[in-house]
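Only one structure is covered here, and it is reproduced in the block below.
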Amino acid sequence: MAAALLRVSRSSSAQLTAVSRAFTSRNFSASSTSFNPEPDIARSPSSSFLSRNSPLPQDPKDRNVQWVFLGCPGVGKGTYASRLSNLLGVPHIATGDLVREELNSTGPLAAQLKEIVNQGKLVSDEIIINLLSKRLEAGEAKGESGFILDGFPRTIRQAEILEGVTEIDLVVNLQLREEALLAKCLGRRICSQCGGNYNIACIDIKGDNGEPGIYMAPLPAPPQCADKLIQRADDTEEVVKARLQIYNEMSRPLEEFYRSRGKLLEFSLPGGIPESWPKLLEALNLEDHEVKRSAAA
Ligand SMILES: Nc1ncnc2c1ncn2[C@@H]1O[C@H](COP(=O)(O)OP(=O)(O)O)[C@@H](O)[C@H]1O
């Protein structure tokens with residue numbers, strides 16, 4: 001850990017210093033500003049989780065959860081991270097969204113980012129850290145605390161930097177068969193107005209060789225979004241295949257990085273949202289939290 005920090009600080013650019021400041025100040029300020037209705041429930045991993053990795057969160061008493069979602073393109077990180085962020089009252093921060101905001105802007109990085117993203121390649125660690133740092137600082141100014149990160153870290157270097165500046169309590173690794181990932185990316189549709197995520201794919205993969213089959217119903221857009229649906233430019237077959245390959249090379253090693261630190265919760269999606277959401281809550285020991293939220297709504 002000390003070695004990683006040293007490496008980071010030696011090669012640090014202004015951006016890395018910025019993320020360090022943002023994360024550090026979040027830690028200091030979170031204890032005084034955080035709002036967490038039921039912190040104990042939100043922070044306790046279930047026994048099924050414990051039995052796999054025993055990654056007890058490290059004394060997060062004075063702040064909200066700091067979680068990371070890992071998983072291949074199309075697995076549903078955004079969907080489940082966003083639902084959990086609503087449930088736990090912490091921001092869902094997706095670096096892919098930050099990149100898309102920047103590439104759709106008139107900023108100096110827009111053209112460069114568009115080219116990289118549309119080939120399915122990774123943006124440089126420095127650019128990502130700069131975008132993330134700005135997002136965290138803006139959130140902090142609004143009184144946000146805690147986070148669920150989606151799409152970051154994506155390289156070992158990013159994970160080392162993150163580890164050097166803040167503590168991650170839990171890393172949820174979503175898993176799905178590769179045939180389903182491609183179909184889900186190709187079927188993904190986004191509402192250009194509200195940003196809602198939908199899917200026209202109906203996935204029905206039969207089980208074979210002892211592997212269970214999987215059924216995922218389409219997720220249709222509501223009428224108010226139906227005529228505003230767009231596809232991401234990087235959700236073409238060629239680019240999705242490139243993204244999956246890059247994920248396996250650059251991001252897969254993060255599983256071992258976090259497993260070895262006892263922080264990894266492996267979660268294999270059993271189906272679509274109706275089947276997977278309750279099981280994920282169970283794995284996170286959050287079922288009661290959901291029931292109380294629904295009752296209060
Ligand atoms: N942490 C990151 N490091 C480098 N590039 C990133 C990172 N997060 C997002 N990106 C860039 O943004 C693109 C879209 O990210 P995301 O929406 O998370 O896609 P995916 O569906 O592939 O998980 C990525 O293909 C990559 O170019």
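Please treat every number below as a calculation from the coordinates, not as lab data. Computed from a prediction, not measured in an experiment: that's the story for all the values here. For neighbour counting, all protein chains shown are included, and Cβ atoms are generated from backbone atoms with ideal geometry for every residue, glycine included.
Being outside any loop (DSSP other than H, G, I, E, B) and not polar (S, T, N, Q) is the filter here; which residues of segment 192-215 pass it?
Those that are outside any loop (DSSP other than H, G, I, E, B) and not polar (S, T, N, Q): Tyr198, Ile203, Asp204, Ile205, Asp208, Glu211, Ile214, Tyr215.
What are the residues in segment 128-146 that are under 18 Å from the mean Cα position of the chain (by Cα) and either among the charged types (D, E, K, R) or near the ligand (Cβ under 10 Å from one of its atoms) (or both), if any?
Ile128, Ile129, Leu131, Leu132, Lys134, Arg135, Glu144 - these are the residues of segment 128-146 that are under 18 Å from the mean Cα position of the chain (by Cα) and either among the charged types (D, E, K, R) or near the ligand (Cβ under 10 Å from one of its atoms) (or both).
Can you tell which of Ala221, Ala226, Ala180, Ala217 is surrounded by 16 or more Cβ atoms within 10 Å (Cβ to Cβ) and over 21 Å from the mean Cα position of the chain (by Cα)? Outline the logic, then answer.
Numbers: Ala226 fails: surrounded by 16 or more Cβ atoms within 10 Å (Cβ to Cβ); Ala180 fails: over 21 Å from the mean Cα position of the chain (by Cα); Ala217 fails: surrounded by 16 or more Cβ atoms within 10 Å (Cβ to Cβ).
Ala221 is the lone residue from the list that is surrounded by 16 or more Cβ atoms within 10 Å (Cβ to Cβ) and over 21 Å from the mean Cα position of the chain (by Cα).
Identify the single condition in (1) touching a residue at least 60 places away in the same chain (Cβ under 8 Å); (2) touching a strand residue (DSSP E or B) at 6+ places or on another chain (Cβ under 7 Å); (3) within 25 Å of Arg63 (Cα to Cα) that Val75 does not satisfy, given that it satisfies every other one.
(3)
Return a yes/no flag: does segment 103-112 have any residue that is farther than 16 Å from Val65 by Cα, buried (at least 23 other Cβ atoms within 10 Å of the Cβ) and more than 10 Å from the ligand (Cβ to nearest atom).
No, segment 103-112 contains no residue that is farther than 16 Å from Val65 by Cα, buried (at least 23 other Cβ atoms within 10 Å of the Cβ) and more than 10 Å from the ligand (Cβ to nearest atom).
Under 6 Å between Cβ atoms, which residue pairs at least 6 apart in sequence (or on different chains) link something in segment 146-166 that is farther than 14 Å from Leu70 by Cα with a partner that is assigned to a helix (DSSP H, G or I) and within 10 Å of the ligand (Cβ to nearest atom)?
Arg157/Asp125
Here is a list: Leu149, Leu70, Leu84, Leu122. Which entry is more than 12 Å from the ligand (Cβ to nearest atom) and within 27 Å of Leu269 (Cα to Cα)? Talk me through it step by step, then tell me what you get.
Values: Leu149 fails: more than 12 Å from the ligand (Cβ to nearest atom); Leu70 fails: more than 12 Å from the ligand (Cβ to nearest atom); Leu122 fails: more than 12 Å from the ligand (Cβ to nearest atom).
After ruling out the rest, the residue left standing is Leu84.
Out of curiosity, is Ile128 part of a helix (DSSP H, G or I) and surrounded by 21 or more Cβ atoms within 10 Å (Cβ to Cβ)?
Working: part of a helix (DSSP H, G or I): yes; surrounded by 21 or more Cβ atoms within 10 Å (Cβ to Cβ): yes.
The answer is yes for Ile128.
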